[in-house]
Amino acid sequence: MHIQLNGEPYTLEAGLTAADLIDQLALTGRRVAVEINEEIVPRSQLATTRLAEDDQVEVVHAIGGG
Amino acid sequence: MTLQNDTPFTIAGRNFSSRLLVGTGKYKDFDETGAAIAESGAEIVTFAVRRTNLGQEAGPNLLDVISPSRYTLLPNTAGCYTAKDAVRTCRLARELLDGHKLVKLEVLGDETTLYPNVVETLKAAETLLADGFDVMVYTSDDPIVARELEAMGCCAIMPLGSLIGSGHGIQNPHNVRLIVEQSSVPVLVDAGIGTASDAAMAMELGCDGVLLNTAIAHAREPLRMARAMKSAVEAGRDAFLAGRMPRRQTADPSSPFAGRING
């Protein structure tokens, strides 16, 4: 299955959830926020949100800025 | 004789003792970030929201350095050029911080000036306020726009002193004063502060606070500049409350004329 992850093409197994993706990215337990197709996925729903072909996924975190 | 205490500095219903707000960008490393911010005495600290770097080892996180339990965090929409991107960024920040409502809205016009795009800023503010955010808004030093943003319900108006990261100080103090005088919500100079006297000037104009980043991060000694900014904001605030002496065209001796030995 192909998705766009942070603006780049990304391939993963079909049927995975957003939580599985975060795990694959080694970001489990890190403070990140996830958006799929411009909608926030609350942390509590990551494990039940299944990814679909062509989903636009953003995974963001806090960085230094003014 | 005793001095009366200052009134509290209140943002979105919370009282703060420091009127200096700082950013977390452009520091050498997280150690320097944490130390400079501690030295500045700031209680409200702004940060940016960005894509995680995929395929790289996840290093220390900024939020480990500026802990949400110690500081009031102020996610910003730096780098957004449209209302839509700014709103998405605020919603991501709210999720990142478990329902946190306070944000710094900035929608920029172009990369050369980073000047506020007021049209997009107004649109984003409307959406964010309707969505329950507390919006501190970066804007131009235009009193009419400031009045509009306040009327919409923004909890702080933050006109630029000069261009972001320019260090040119407050280019139009008269406009900043007009905004201060008409506003019922806190007014903070955000952007352009280059050194301590600029921060003091903002406070002497009657601003409720100052938000700065580069002036500390790009000083030769960031920790010392952080301390200088803390003192400058306190000194400027006291000078504003004290009320400056009137200016005179001619000299006025401080020592009495009467009783001079040559009199």
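Could you figure out which of (1) open to solvent by 30 Å² or more (accessible area, probe 1.4 Å); (2) facing chain B (nearest Cβ under 10 Å) isn't true of A:Asp20?
(2)
With respect to B:Thr72, is the statement that it is crowded, with 23+ Cβ neighbours inside 10 Å and either touching a Cys at 6+ places or on another chain (Cβ under 9 Å) or of a type in the set (Ser, Thr, Tyr) (or both) true?
no
Return only the number of the condition from (1) touching a Phe, Trp or Tyr at 6+ places or on another chain (Cβ under 9 Å); (2) more than 10 Å from every other protein chain (Cβ to nearest Cβ) that B:Leu54 does not satisfy.
Among (1) touching a Phe, Trp or Tyr at 6+ places or on another chain (Cβ under 9 Å); (2) more than 10 Å from every other protein chain (Cβ to nearest Cβ), the lone unmet condition for B:Leu54 is (2).
Is there any pair linking a residue in region B:34-51 that is away from every other protein chain (no Cβ under 12 Å) to one that is surrounded by fewer than 23 Cβ atoms within 10 Å (Cβ to Cβ) and part of a helix (DSSP H, G or I), with Cβ under 7 Å and at least six apart or on different chains, and which?
If the second residue must be surrounded by fewer than 23 Cβ atoms within 10 Å (Cβ to Cβ) and part of a helix (DSSP H, G or I), the pairs left are B:Ala35/B:Leu223; B:Glu39/B:Leu223; B:Glu39/B:Arg227; B:Ser40/B:Lys230; B:Gly41/B:Lys230.
Sort through A:Ala14, A:Ala47, A:Ala62 and tell me the only one that's more than 13 Å from every other protein chain (Cβ to nearest Cβ), in contact with a helix residue (DSSP H, G or I) (Cβ under 9 Å, 6 or more places away or on another chain) and of a type outside the set (D, E, K, R).
A:Ala47
What are the residues in region A:20-49 that are of a type in the set (S, T, N, Q), in contact (Cβ under 8 Å) with a residue 12 or more places away in the chain and part of a loop (DSSP other than H, G, I, E, B), if any?
Of everything in region A:20-49, those that are of a type in the set (S, T, N, Q), in contact (Cβ under 8 Å) with a residue 12 or more places away in the chain and part of a loop (DSSP other than H, G, I, E, B) turn out to be A:Asn37, A:Thr49.
Which strands (runs of 3 or more DSSP E) does region B:1-69 wholly contain that include 3 or more residues that are at positive phi, open to solvent by 60 Å² or more (accessible area, probe 1.4 Å) and of a type outside the set (Asp, Glu)?
none
Restricting attention to region B:98-116, and to residues there that are crowded, with 21+ Cβ neighbours inside 10 Å and not in a strand (DSSP E or B), which single residue is farthest from the other protein chains (Cβ to nearest Cβ)?
Quick first cut of region B:98-116, residues crowded, with 21+ Cβ neighbours inside 10 Å only: B:102-108, B:116.
So of that shortlist, the ones also not in a strand (DSSP E or B) come out as B:106-107.
Values: B:Glu106: 10, B:Val107: 15 Å.
Among them, the one singled out is B:Val107.
For region A:1-11, how many residues meet the condition of being within 11 Å of another protein chain (Cβ to nearest Cβ) and either under 23 Å from B:Pro75 (Cβ atoms) or open to solvent by less than 10 Å² (accessible area, probe 1.4 Å) (or both)? First the steps, then the outcome.
Narrowing region A:1-11 to residues within 11 Å of another protein chain (Cβ to nearest Cβ): A:5-8, A:10.
Next, only the ones that are either under 23 Å from B:Pro75 (Cβ atoms) or open to solvent by less than 10 Å² (accessible area, probe 1.4 Å) (or both) stay: A:5-7.
Adding up the residues that qualify gives 3.
Which fully enclosed helices (runs of 4 or more DSSP H) of region B:175-251 have 1 or more residues being open to solvent by 10 Å² or more (accessible area, probe 1.4 Å), closer than 18 Å to B:Phe9 by Cα and not β-branched (Val, Ile, Thr)?
B:196-204, B:222-242
Here's a check for you: in region A:32-66, which residue that is touching a Phe, Trp or Tyr at 6+ places or on another chain (Cβ under 8 Å) and farther than 12 Å from A:Leu16 by Cβ is surrounded by the most Cβ atoms within 10 Å (Cβ to Cβ)?
This residue is A:Ala62.
Hey, does region B:148-157 have a residue that's surrounded by fewer than 23 Cβ atoms within 10 Å (Cβ to Cβ), away from every other protein chain (no Cβ under 14 Å), farther than 15 Å from B:Leu105 by Cα and touching a strand residue (DSSP E or B) at 6+ places or on another chain (Cβ under 9 Å)?
Looking for residues that are surrounded by fewer than 23 Cβ atoms within 10 Å (Cβ to Cβ), away from every other protein chain (no Cβ under 14 Å), farther than 15 Å from B:Leu105 by Cα and touching a strand residue (DSSP E or B) at 6+ places or on another chain (Cβ under 9 Å), one finds none in region B:148-157, hence no.
In region B:155-169, is there at least one residue being of a type in the set (Ser, Thr, Tyr) and within 22 Å of B:Gly206 (Cβ to Cβ)?
yes
Does B:Ile164 satisfy the criteria of being in contact (Cβ under 8 Å) with a residue 24 or more places away in the chain, of a type in the set (A, V, I, L, M, F, W, C), more than 21 Å from B:Phe9 (Cβ to Cβ) and within 13 Å of chain A (Cβ to nearest Cβ)?
Criteria met by B:Ile164.
Which of the residues that make up region B:158-173 are within 13 Å of B:Pro143 (Cα to Cα) and assigned to a loop (DSSP other than H, G, I, E, B)?
The answer is B:Leu160, B:Asn172.
The values are calculated or read from the model by the stated rules, or taken from the named source; none is laboratory data. Please read these numbers as outputs of a predicted model, since none were measured by experiment. For neighbour counting, all protein chains shown are included, and Cβ atoms are generated from backbone atoms with ideal geometry for every residue, glycine included. The accessibility values were calculated without ligands, DNA or RNA, using every heavy atom of the protein model including side chains. Shrake-Rupley method; radii C 1.70, N 1.55, O 1.52, S 1.80 Å.
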